[in-house]
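> A single structure is presented below for examination.
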């Protein structure tokens, strides 16, 4: 497949399963990054092991939102070659310190070495350790009230390269019920954006609506997830259905006229 | 998942892989049928064995376009519970007679019995044989020049319940090159529609464009495939990307103003 | 497949792998529920994502016994559409309070929102949150000595809709060695049954033997798992083997007579 | 798993999917062979490649009923290590001669060499060719009227080691409708048995009922398939359901008394 | 993974399963092509659909040796994006004419159009048809005696871009028994090489031994498969085992000295 | 496949994916054990459920290095039939006490009972519990500085049958950076070896280099992993590539001479 449009790493597609076709389609449009929703999606290990290098070979950044704030899922995403790990349900600074450590090698953190893809299926050197720690990114999620409270301190951790916001869970956990893009929601986002700017680190936002997209762009988000794979499918299946239904009514009314 | 819209069997989604989410999404919109492109897609057996009954449990008709005009793929689709088999690359009347026979039991045809899903995992009776032959449909494709020449005779076969048109291959094989929705293409479609009407049998069309949709509706097509899964994804991924790109330019121009 | 017998939600089949045929067979008999033994069975994510909606489409309740008392597996089962999650190895009241929270949204608990199947692949509202919390059930297991000690208090938690007993592990952990259906075992079951009745909540029992079945029925168990998929297979393979072996001996003895 | 009972190669379990547990369960009972219903079941290639050597490692003979009378499926079953290939829908002597050749190497037949499992992942010798041709068995099915007419001649082919009867399809194709174990059915079976005895070759029967089992044993069948995996599951799930239903009624009537 | 060595398309690795790691390892060494042994290996459709674009993204040419001389497998390999299809068991010129046609679109051949990966998930044009016919290659195998007899004529077909030799099957079918690299074997190879040179088309050889490698290089083979994945594994597992065994004996003898 | 060489349980192959062919190849050479790197490899559950019994049927010991020091992965490996579980990232004695308990049944530990493969798909007895606790082995890893400090105490736990060293992580965590086989590394290994000898328990080493192999053999390691699957593939693919490259240069230079 030709990829006529250059890859724009600022815009990410949000994928819920390891569809190679979905990746190619997104890439052909210009998407230069993907968020893999390993937390809520259906990514088995053998699929992930294959999907990550494929995405990278398409020149797409792989942002892996892992199953949970634990060593295993963080390590696997990095072993398979992800560019960034997004760690959900980080509760506060202390929690962030512990779990983001799994994404960086000692002495910086506590990641475990695997002699596989990332080390070209061989051994390793100190230079390689430094390179891995530098080039792969670790983003704790800001979706718990405690994490928002500590966002500045979390962003100051050496093991943290930026933060990834989860607006739906944040709304629920900040006592606002289901996420409905209120002023208070945007105030929270603004706090995150400012903290990231102050720290000189990245922040990333799933931005389904136009107002979220605009907010993210205006507030210096490093990357935006623009739409979910399933949302795209819903939109793409709906339009021709509506078209056909309208046509059918028109044909019918002409026939009965 | 709630399925708020009733299932409309006239409108089919064209699926290229066994995505349960894609099926649920299409069904929620109102699609009441699917075309499984087993010929060109990626449907492994174990996936197909699970996808077909799931689709039926969603009240969607399963129209299985099988790998080729051979006993094996025809039989497997029916064994797994498909409502209709679409047989590609039927060359002419004689070929149609041979290969559509694999979709009906003796003495009508030459289908093989399997004591599985369709017979409730048990034995069978003469009544069951009749029911299967009546309720499952066999559609040879009209996509070879020879099949178009014989379309009336093909439609008169006892083993044939209707026909399914393949406009792209038909255009190539009728010497018109890549399919571009010319008058000659529509003339071929019209011949098929008339033959089906005369035979009192169904005809089905993949109708991506509005003109094909309108033609199919006006000419009594029993079912229309409205869009491909991958086409839907392309449309659904493109719109938010364009939106974001435009926004980004606007934000940028304001910033530099 | 026709489903001649109505679905009886009181009787569950215990499944160890995502066999669609096993589900259809159980459903055709009348089973109206399944226990998925995700803890000890072989359910990969992509399989689970497909099996759960299929079971529901067959009108079977899906009772997902998840891998362990952790956020990830609880969340995934609910994301994929399970009716109930069964949480193994809950140690006591405090532990129950923490881990059952993962099954209910804030402010009741700490479940994470996923914009997928359960929310029709779209956004969500407060009403939807309430509906999810009400309609999906959370059952901590009573299989640790500490959990039995606290069973009444556990049943009083707002995040708990009932309990699920694990008699084998309970016997081991109550110092009785391998489970052998002793009086003491039934005394433990009785304590659970009474606590559930007092709380007006459900209790569920794997009831392989006739005495366990009878006990469960007499003591108001909401649901019973009647047999394991592998046990059913063992029984179903044994009978014809014994029949054939006997026949073979008889044929042999006649031949040599 | 211990395998307490010795493997009896005369009795085969009929498997419709590659369940390792089903194989272990059958083996533990004493089954010493399996029929893999690749024709109507759900055996993908990667699964088959793993299932066949596993079955052999359990000391079970692998009788692979392949998808159809074609080179590809015959070759794959033998490449993966099957002991015997069963070829469905052989139409007559000429057809048998052509398709059974795919199971034997030149000059005897026309099988293709693969440097994989069967040749210990290396090259090959003339002795190995002889050994393969001798130790693997080729069984055309007798399920078409034409094949029954030619059964004696088919059995005389050098590429044929025996025959496998398909009673359901044979009944349909001999004009008797759905298979119902009539006298005429058994007369056909008897013809096959006599032809095999005369040729000094094997015949194999799926023998679900007691009368078929007895017939096969009395008439020297080399191997019998005793029950289908799905039939075993149906029986094994039904018994505890009936037990529980009866118990529930009894408990209910006592309660209301 | 870094790919330090440039890709050399003349040297191919022979793969028997869709291992992404095996591909990356081969690529890192310098292999610039792979032969996928779909005929004898274990490539399911969904795996193939993902493996082919991954290989291409690594800058490796994908040479797909398909299951057999039939439309289905040829079409699928091309649909998924293979650079070349290798068609086994071509019997002679007439057979070659029929089956190689499946690899080229009308009017040149009889390939079927699929609106998927190769056409960027959209429609097509006449220019695209020409490009596909030109850029994808079709190689009938020379492994039947009849095909060798007709090799010059086969190479003159418009639908043929070169030939691929199968020395093992050719030896068996030319009456020389198991392939042992005799003079007669090399004479056959020479005939193929000369015919290809005369036609100005490619020939490709699996060249496991040094003599075959040298022959291929001296006789202008366009590409050589250098070793099989399983052979590489056998060699790579054997060396450290022998090393350890020798060491163990030495340690033991010192200990007992 | 014939297994000509006897299985030597002292020498293990290190596998990163569930390749049945890799297992057969290793076994044919003489390897009598495998280390499954579930922690860093790609072993999905359904694959693991099938791979473990296959390996055992080949007479290979299955040493399962599980995902992490948690109940779930430890339990699953034992449920599927592994001979030994290797638990990574054990931090110290207290941690070892907690997590190794998941590998032994009460009252010794806290393993959970599953009525599956290990109990022949049926119930259990006290004798079976004892047998499981005795015959399956539990090896905490020594790869954290704290675990090395406590190695003697860890080895004295009743739930511990030996230890497994992770030299790469140990080097990083002991402040020596990337593992480079220094004197200090060997001093650590020696401490482990002595502690194991003193405890009369096993120690196991991944020993890629000749010096590690010799060290392990001289210091009484119970088992050695000799090479990784991917390392073997790298070696096995490299040799023929180098051979061909050299040949090609030689042919070229002769041609131009």
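Just so you know, all these numbers are worked out from the coordinates, no wet-lab data involved. Since the structure is predicted, the reported quantities are computational estimates derived from the model, not experimental observations. For neighbour counting, all protein chains shown are included, and Cβ atoms are generated from backbone atoms with ideal geometry for every residue, glycine included.
> Hey, got the average number of other protein chain Cβ atoms within 10 angstrom for residues in B:74-83?
Partner Cβ neighbours, averaged per residue: 2.
> Smallest Cβ-to-axis distance in chain A, for the rotation taking A to F: which residue, how many Å?
Here the nearest residue and distance are A:44, 3.
> Which semi-axes, in whole Å and largest first, does the equivalent ellipsoid of region D:73-132 have when worked out from the alpha carbon gyration tensor as the square roots of 5 times its eigenvalues?
Square roots of five times the eigenvalues give 22, 13, 8 Å.
> Report the rotationally averaged projected area of region B:142-201 based on its alpha-carbon convex hull, in square nanometres.
3.6
> Take peptide C:106-119, look around each residue's Cβ out to 10 angstrom, count Cβ atoms belonging to other protein chains, and average those counts.
Neighbouring Cβ atoms belonging to other protein chains average 6 per residue here.
> What are the principal axis extents of the Cα atoms in region B:177-257, in Å, biggest first?
Here the spans come out as 68, 23, 21 Å, largest first.
> With angles folded into 0 to 90 degrees, how steeply does helix F:45-57 sit against the dominant principal axis of chain F? Use alpha carbons for both and round to 10.
80
> Within 10 Å of each Cβ in peptide E:211-220, how many partner chain Cβ atoms are there on average? Round it to a whole number, please.
3
> Mind listing P(r) for region E:1-78? All alpha-carbon pairs, 5 Å bins, whole percents.
Result, from short to long distances: 3, 17, 30, 24, 14, 8, 3, 1 percent.
> Could you rank the peptides F:174-180, F:247-253 by their average count of other C-beta atoms within 10 Å per residue, with the highest value first?
In descending order of packing, they fall as F:174-180, F:247-253.
> Give the angle, between 0 and 90 degrees and rounded to the nearest 10, that separates the Cα long axis of helix C:183-199 from the longest principal axis of the Cα atoms of chain C.
Once rounded, one gets 40 degrees.
> Quick check: Cα centre of region A:115-142 to Cα centre of region D:1-66, how many Å?
Here the two parts' Cα centres lie 44 Å apart.
> Continuing with this model, one more query. Top mean-square fluctuation among E:244, E:145, E:153, Gaussian network model of chain E, C-alpha springs under 10 Å?
Checking each option, the largest mean-square fluctuation is seen for E:244.
> Another question about this same structure. Once the Cα atoms of helix F:126-135 and of chain F are each reduced to a long axis, what angle between those two axes, in degrees from 0 to 90 to the nearest 10, is obtained?
40
> To continue, here is another question. Taking each label point as 7 Å beyond Cα in the direction of the beta carbon, state the distances from residue F:242 to the same residue in the other copies, shortest first, in nm.
For residue F:242, the other copies' label points sit at 1.5, 5.6, 6.5, 6.5, 7.1 nm, shortest first.
> Nearest 0.05, what FRET efficiency do residue F:108 and residue B:184 give at R0 = 60 Å with Cβ-Cβ as r?
For R0 = 60 Å, the calculated efficiency reads 0.15.
> If packing is taken as the average count of other Cβ atoms within 10 Å, what order do C:186-198, D:65-77 fall into, highest mean first?
Ranked by mean Cβ neighbours within 10 Å, highest first: D:65-77, C:186-198.
> What translational diffusion coefficient, to the nearest whole µm²/s, does the protein assembly as shown have by Stokes-Einstein, given a Kirkwood radius computed over alpha-carbon pairs, a temperature of 10 °C and 1.306 mPa s viscosity?
The calculation lands on 46 µm²/s.
> Equivalent ellipsoid semi-axes for region A:32-186, as square roots of 5 times the alpha carbon gyration tensor eigenvalues: give them largest first, rounded to whole Å.
With the √(5λ) rule applied to region A:32-186, the semi-axes are 28, 18, 12 Å.
> Separate question: Work out the P(r) tail for region A:96-180: percent of alpha carbon pairs separated by more than 16 Å, whole number.
58
> 222 nm [θ] for chain A, helices only, -39500 (n - 2.57) per DSSP H run of 4+, per residue, to 500?
Result for chain A, helices only: -14500 deg cm²/dmol.
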